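The values are calculated or read from the model by the stated rules, or taken from the named source; none is laboratory data. This structure is a prediction, so every number in the text was calculated from the model and none was measured. No Cβ is skipped: glycine too gets one built from the backbone with ideal geometry, and neighbour counts run over all protein chains shown.
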Amino acid sequence: MITRRQFSLAAGAAAWSEVPQAYAQSGQIILGQSAPFTGPAAQLGIQFHAGAKMFFDRLNAEGGVGGRSVEIRKLDDGYEPDRCIQNTQQFIEDDVFCLFGYIGTPTSVAALPLAVKAKMPFFAPFTGAMALRTPLHRNVFHLRASYNDETALIVKHLTTLGLKKIAVFYQNDAYGKAGLDGVTLALAAINLKPVAVATVERNSVEVAKAVATINAASPDAVVQIGAYKGCAAYIRAARAAGYGGTFYNVSFVGTQALADELGKEGAGIVVSQVMPTPYNSVKPISREFVEATQKTKGAVQVNFSSIEGYIAAKVFTEGLRRATGKTSREGLINGLESMSNYAMGGFNVSFSPSDHVASKYVEISMLTGDGRVRT
């Protein structure tokens, strides 16, 4: 396990034809969110939704956008692609204004063709997979950095510490493979490759085979590309089987959920982050978020997932405010594309007609034994 001191030291537009115009629901702008609200990944959907809803509730209390309120309608997909497809079809049939804050790579990848075909904005999916970013689709906008960005920083952090025997434990789906590709790419750039790889099925904690495979390679560190339940199960089982190295995770794991799962066993676990930390008030956006949560009297938790939902809602609203004329999907897209170097108090967002990825911001955090997260 690395020490705290060591940690600190290292620390297609052309394919788009015409967008349907003049969407109008009397007095409301309806967003559709398909996400896990039950099951082993539920906290990701619950927390993101809570942060976004908190922002929109305040916005609506202040008059909304142009006098129109914003509402998120949520449907539970349990982090399963087939259910997400059904939810997305329902949202399209209901003619929601925008698909917002979908959670996960396999679900978002399944929904993407439907959104593109319907020419419906697909905003801020909670995933860093390159498959959703390339090629560019005019209706798809990403808030967070990619998994390639996160895994590049993780590999740099590990190799700075002199740790070069790196294994990958990944979820056996589009998300896990996207993360594995990122690690492999970053290692290949320095003439290395994973010393071992092993998988876990989505929504599963059956990790015994993966532990045996990876422990046999005696890696210095294991990079985990999974959700919090499976990653926590792997950490416990690997340590019980004698593994003494360290564990790194990408942001999708659900940082606070992982800390809550592991308790004291979480000490020293490293997680890359793509949002400013909500756990201190150095950055104005973090102060704004924390102050907003305090007004909910505990209804909204302070964590990386909820601040991502909050920032997503804030960026969406700015794009809508920049739309000219009658509220429309085309107006939203144009408004978002006009957001070049939009500063939000420590987290900058930049879209353009040729770039729909708002940020490449990545930093490293570490769990402590008392359930906290340090950056």
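Scanning the range 296-304 turns up no residue that is over 24 Å from Ala42 (Cβ atoms), over 22 Å from the mean Cα position of the chain (by Cα) and either part of a loop (DSSP other than H, G, I, E, B) or in the same structural domain as Pro194 (by TED's automatic domain parsing) (or both).
Would you mind finding the one in Ala208, Ala237 that is farther than 27 Å from Ile46 by Cβ and assigned by TED's automatic domain parsing to the domain that holds Gln171?
Ala208
Answer yes or no: is there a residue in the range 358-365 that is surrounded by fewer than 17 Cβ atoms within 10 Å (Cβ to Cβ), within 29 Å of Ala221 (Cβ to Cβ) and touching an Asp or Glu at 6+ places or on another chain (Cβ under 7 Å). Yes, there is a match, as at least one residue in the range 358-365 is surrounded by fewer than 17 Cβ atoms within 10 Å (Cβ to Cβ), within 29 Å of Ala221 (Cβ to Cβ) and touching an Asp or Glu at 6+ places or on another chain (Cβ under 7 Å).
Please verify whether the range 79-91 includes one or more residues that are under 22 Å from Tyr147 (Cα atoms), touching a helix residue (DSSP H, G or I) at 6+ places or on another chain (Cβ under 9 Å) and either surrounded by fewer than 23 Cβ atoms within 10 Å (Cβ to Cβ) or assigned by TED's automatic domain parsing to the domain that holds Ile225 (or both). Looking for residues that are under 22 Å from Tyr147 (Cα atoms), touching a helix residue (DSSP H, G or I) at 6+ places or on another chain (Cβ under 9 Å) and either surrounded by fewer than 23 Cβ atoms within 10 Å (Cβ to Cβ) or assigned by TED's automatic domain parsing to the domain that holds Ile225 (or both), one finds at least one in the range 79-91, hence yes.
All of Ala240, Ala217, Ala212, Ala208 fail the test of being more than 19 Å from Gly176 (Cβ to Cβ), of a type outside the set (Asp, Glu) and out of contact with any Gly (no Cβ under 9 Å at 6 or more places or on another chain), apart from Ala240. Among the residues of the range 324-362 satisfying the criterion of being basic (Lys, Arg) and part of a loop (DSSP other than H, G, I, E, B), which is farthest from Ala129 (Cα to Cα)? Step by step, filter the range 324-362, then rank; the result is Lys326. Just to be sure before I move on: is Thr134 part of a helix (DSSP H, G or I) and either in the same structural domain as Ala210 (by TED's automatic domain parsing) or over 16 Å from the mean Cα position of the chain (by Cα) (or both) in the structure I sent? Spelling it out, it is not the case that Thr134 is part of a helix (DSSP H, G or I) and either in the same structural domain as Ala210 (by TED's automatic domain parsing) or over 16 Å from the mean Cα position of the chain (by Cα) (or both). Taking interchain pairs and intrachain pairs at least six residues apart, which have beta carbon atoms under 7 angstrom, with the first residue in the range 45-68 and more than 13 Å from Val302 (Cα to Cα) and the second in a helix (DSSP H, G or I) and aliphatic (A, V, I, L, M)? From the range 45-68, the pairs are Phe55/Ala313; Phe56/Ala313; Arg58/Ala292; Val65/Leu320.
When Gly268, Gly254, Gly263, Gly298 are checked against the criterion of being within 23 Å of Phe347 (Cα to Cα) and not β-branched (Val, Ile, Thr), a single residue qualifies: Gly254. Inspect the range 107-124 for any residue being crowded, with 20+ Cβ neighbours inside 10 Å and basic (Lys, Arg) and give the result as yes or no. Looking for residues that are crowded, with 20+ Cβ neighbours inside 10 Å and basic (Lys, Arg), one finds none in the range 107-124, hence no. Residue check: Asp370 meets all listed conditions (1) in the same structural domain as Ala259 (by TED's automatic domain parsing); (2) over 30 Å from Leu262 (Cα atoms) but one, namely (2).
To keep it simple, each residue is scored yes or no on (1) out of contact with any helix residue (DSSP H, G or I) (no Cβ under 9 Å at 6 or more places or on another chain); (2) surrounded by fewer than 16 Cβ atoms within 10 Å (Cβ to Cβ); (3) farther than 20 Å from Leu59 by Cβ.
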residue: Arg321; (1), (2), (3): no, yes, no
residue: Arg329; (1), (2), (3): yes, no, no
residue: Gly335; (1), (2), (3): no, no, no
residue: Ser338; (1), (2), (3): no, no, no
residue: Ser354; (1), (2), (3): no, yes, yes
residue: Arg374; (1), (2), (3): no, yes, yes
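Residue count for the range 138-167, restricted to those that are within 22 Å of Ile311 (Cα to Cα) and assigned to a loop (DSSP other than H, G, I, E, B): 6.
Yes or no: Pro106 modelled with pLDDT of 95 or more and within 30 Å of Thr246 (Cβ to Cβ)? Step through it out loud before you land on a result.
Working: modelled with pLDDT of 95 or more: yes; within 30 Å of Thr246 (Cβ to Cβ): yes.
Here the answer is yes, as Pro106 does meet what is asked.
Do we find a residue being in contact with a strand residue (DSSP E or B) (Cβ under 9 Å, 6 or more places away or on another chain) and closer than 22 Å to Val250 by Cα anywhere in the range 111-124? Yes.
Output the residues belonging to the range 270-291 that are part of a helix (DSSP H, G or I), buried (at least 19 other Cβ atoms within 10 Å of the Cβ) and either of a type in the set (A, V, I, L, M) or in contact with a His (Cβ under 6 Å, 6 or more places away or on another chain) (or both). Within the range 270-291, just Ile285 meets the criteria. Do you know which of the residues in the range 294-310 that are within 23 Å of Phe252 (Cα to Cα) and out of contact with any Pro (no Cβ under 8 Å at 6 or more places or on another chain) is surrounded by the fewest Cβ atoms within 10 Å (Cβ to Cβ)? Restricting to residues being within 23 Å of Phe252 (Cα to Cα) and out of contact with any Pro (no Cβ under 8 Å at 6 or more places or on another chain), the top hit is Ala299. Restricting the range 24-47 to residues that are part of a loop (DSSP other than H, G, I, E, B) and among the hydrophobic types (A, V, I, L, M, F, W, C) leaves a set whose member that is modelled with the highest pLDDT is Phe37.
Residue by residue, here is whether (1) buried (at least 18 other Cβ atoms within 10 Å of the Cβ); (2) part of a loop (DSSP other than H, G, I, E, B) holds:
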residue	(1), (2)
Val222	yes, no
Lys229	yes, no
Arg239	no, no
Tyr243	yes, yes
Phe252	yes, no
